1. Give the range 169-187 a look and list any residue that's in a helix (DSSP H, G or I) and over 20 Å from residue 34 (Cβ atoms), or say none.
2. Conditions: (1) at pLDDT below 95; (2) in a helix (DSSP H, G or I). Residue 1 meets all but one. Number of the miss?
3. Using the structure shown, decide if residue 13 is touching a residue at least 40 places away in the same chain (Cβ under 8 Å), surrounded by fewer than 21 Cβ atoms within 10 Å (Cβ to Cβ) and assigned to a loop (DSSP other than H, G, I, E, B).
4. Could you check the range 30-51 and list, in sequence order, the residues that are surrounded by fewer than 19 Cβ atoms within 10 Å (Cβ to Cβ) and assigned to a helix (DSSP H, G or I)?
5. Could you tell me whether residue 71 is surrounded by 15 or more Cβ atoms within 10 Å (Cβ to Cβ) and without any contact (Cβ under 8 Å) to a residue 40 or more places away in the chain?
6. Residues being touching a strand residue (DSSP E or B) at 6+ places or on another chain (Cβ under 8 Å), surrounded by fewer than 16 Cβ atoms within 10 Å (Cβ to Cβ) and either within 25 Å of residue 36 (Cα to Cα) or at pLDDT below 95 (or both): count how many of those fall in the range 157-166.
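The values are calculated or read from the model by the stated rules, or taken from the named source; none is laboratory data. Keep in mind the model is a prediction, meaning the values are calculated, not measured. Here the Cβ positions follow ideal geometry from the backbone for every residue, glycine too, while neighbour counts run over all protein chains shown.
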């Protein structure tokens, strides 16, 4: 058994969201691996108001109970896979808000990205890469992008093609490698 823990963070809370099926697919593929323990962290289970902390997250002086609970949840992981929709050429507001609540809990850990949208969500991932860099999250090269036109029947029923399996294997391998290496940095 591994001591690496990786969160699959579902970054959409919309009613009827496509992201749950995508996150479940990622988690099912991850569970086939032995390099890390993967856990779904659904933002719908962690309702956070718009950032309401009185001091910057980089100071780590969290005031709100919701922030302290979110920080405790995120701190327990060595890496993250962010599952994001693409909204207006970026990631979802709820995911950006959840990320912005914290700072130190993200530092010196690894991140991978899975997106979905009209163009596969690629622009959402590009925005998340910049955010991750600022938070000292080492993001891996491999990403997975699902098109609403080709990976969803009627734009709503998730039907990914087998070509995504190879990308998933590469993403998990890169993420586990980086998460393991960065764990030694934190220790």
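1. Matches in the range 169-187: 185, 186.
2. (2)
3. Here the answer is yes, as residue 13 does meet what is asked.
4. 31, 44, 45
5. So residue 71 passes the test.
6. Count: 0.
Condition check ((1) closer than 22 Å to residue 41 by Cα; (2) buried (at least 16 other Cβ atoms within 10 Å of the Cβ)) across all residues:
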site	(1), (2)
104	yes, no
107	yes, no
137	yes, yes
155	no, no
171	yes, yes
185	no, no
